[in-house]
1. If you check residue 245 against the conditions, is it touching a residue at least 12 places away in the same chain (Cβ under 8 Å) and surrounded by fewer than 17 Cβ atoms within 10 Å (Cβ to Cβ)?
2. What are the pairs, 6+ residues apart or on separate chains, where a residue within segment 133-160 that is on the phi < 0 side of the Ramachandran plot has its Cβ under 6 Å from a residue that is β-branched (Val, Ile, Thr) and assigned to a loop (DSSP other than H, G, I, E, B)?
3. Of everything in segment 21-45, what is surrounded by 14 or more Cβ atoms within 10 Å (Cβ to Cβ) and either assigned to a loop (DSSP other than H, G, I, E, B) or touching a residue at least 60 places away in the same chain (Cβ under 8 Å) (or both)? Give them in sequence order.
4. Kindly establish whether residue 238 is under 20 Å from the mean Cα position of the chain (by Cα), without any contact (Cβ under 8 Å) to a residue 60 or more places away in the chain and farther than 20 Å from residue 71 by Cβ.
5. Can you name every residue in segment 50-75 that is in contact with a Leu (Cβ under 6 Å, 6 or more places away or on another chain) and either at pLDDT below 95 or within 10 Å of residue 93 (Cβ to Cβ) (or both)?
6. When you scan segment 83-101, how many residues do you find that are closer than 23 Å to residue 181 by Cα, surrounded by fewer than 23 Cβ atoms within 10 Å (Cβ to Cβ) and touching a strand residue (DSSP E or B) at 6+ places or on another chain (Cβ under 8 Å)?
7. Among the residues of segment 57-82 satisfying the criterion of being closer than 26 Å to residue 181 by Cβ and assigned to a loop (DSSP other than H, G, I, E, B), which is farthest from the chain's Cα centre (by Cα)?
8. It is to be established whether one or more residues within segment 199-213 are touching a His at 6+ places or on another chain (Cβ under 7 Å) and farther than 21 Å from residue 98 by Cβ.
Amino acid sequence: MKRINFLLALFLLSQLAFSRVQQVDTISVFSTKMKKEVKSVVILPENYSDKKHYPVVYLLHGYSDNYAKWVKTVPSIKSLSTQFQQIIVCPDGGFSSWYIDSPIDTAYQYESYIAKDLVSFVDSHYSSIANRSGRAITGLSMGGHGALYIAIRNKDLFAHAGSMSGGVDLRFSTKKYDIAKRIGAFETSPQEWDDRSVVNMVGSLKNKDLDLIIDCGVSDFFYQINAALHRRLMSLNIDHDYIERPGSHNWEYWTNSIKYQLLFFDQCFDSAKRK
């Protein structure tokens, strides 16, 4: 009887350990350009299997947060990972990187970290769909800007991109959020601000280059620049989903918004399979 109880206890412990490892991993990936380890959370569907290949959604945090913020604040993304059969990767983007490779600060090279180091690591360590049709990237606020910025500049890696309450025009915040520390003061480097603002960058896109979803609450302080991005895309005849509804720049809004974003990507992934 003691032996049976011992074996049962070992089995239960192994099942619990397996569940934790399979559901949420915290990984460290070396950044080639920043010369340091950078952490990310990887969320796997509950029935994750190496025998199946899963699409991957890279989910970026906002200004002053970190890689763990999404899973701690919106734990329901774990069930969404299972519902949509998606691997969700939440990278660390530094306190205020804006997910760019800073031209003036070598400690902030987060575009390269995500696009080169992290994507490569995820594809080599998890059972992912290792091509652009199986990858999406989105985020909130600073991460909304970062997701669109990285996707536009790395269309060979990402086919689908989104933004929630994104800071999509850096020139709206010339004295805030440490942007000047990453690209120089607006007064001395206006071209950097113009060139790195997503609202301008979309001019390089052709229709169907990316599947796009943009989402912002009408009471959000970034609402006007998101509405301007929508109008810009319309003028360029670039197809995109645009959502505006009651809401502010807060976690109540993003907890709701991420459901629509992941549903949109799920439909994109399914469409890619049928092609």
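1. Working: touching a residue at least 12 places away in the same chain (Cβ under 8 Å): yes; surrounded by fewer than 17 Cβ atoms within 10 Å (Cβ to Cβ): yes.
It is true that residue 245 is touching a residue at least 12 places away in the same chain (Cβ under 8 Å) and surrounded by fewer than 17 Cβ atoms within 10 Å (Cβ to Cβ).
2. Once the first residue is on the phi < 0 side of the Ramachandran plot and sits in segment 133-160, its partners that are β-branched (Val, Ile, Thr) and assigned to a loop (DSSP other than H, G, I, E, B) give 145/168.
3. Quick first cut of segment 21-45, residues surrounded by 14 or more Cβ atoms within 10 Å (Cβ to Cβ) only: 22-25, 27, 29, 31, 33-34, 38-45.
Matches in segment 21-45: 27, 29, 31, 33, 34, 38, 40, 42, 44, 45.
4. Details: under 20 Å from the mean Cα position of the chain (by Cα): no; without any contact (Cβ under 8 Å) to a residue 60 or more places away in the chain: yes; farther than 20 Å from residue 71 by Cβ: yes.
Answer is no for this residue.
5. From segment 50-75, those in contact with a Leu (Cβ under 6 Å, 6 or more places away or on another chain) are 62, 70; that's our starting set.
Passing the criteria: only 62.
6. 1
7. Taking segment 57-82 and keeping what is closer than 26 Å to residue 181 by Cβ, we get 58-70, 73.
Okay, now just the ones that are also assigned to a loop (DSSP other than H, G, I, E, B), so 61-68.
Details: 61: 7, 62: 10, 63: 13, 64: 15, 65: 13, 66: 12, 67: 10, 68: 13 Å.
Among those residues, the one meeting the criterion is 64.
8. Yes, segment 199-213 contains at least one residue that is touching a His at 6+ places or on another chain (Cβ under 7 Å) and farther than 21 Å from residue 98 by Cβ.
The values are calculated or read from the model by the stated rules, or taken from the named source; none is laboratory data. Note that the structure is predicted; figures quoted are calculated from it, not measured. Quick reminder, even Gly has a Cβ in these numbers, built from the backbone with ideal geometry, and neighbours come from all protein chains shown.
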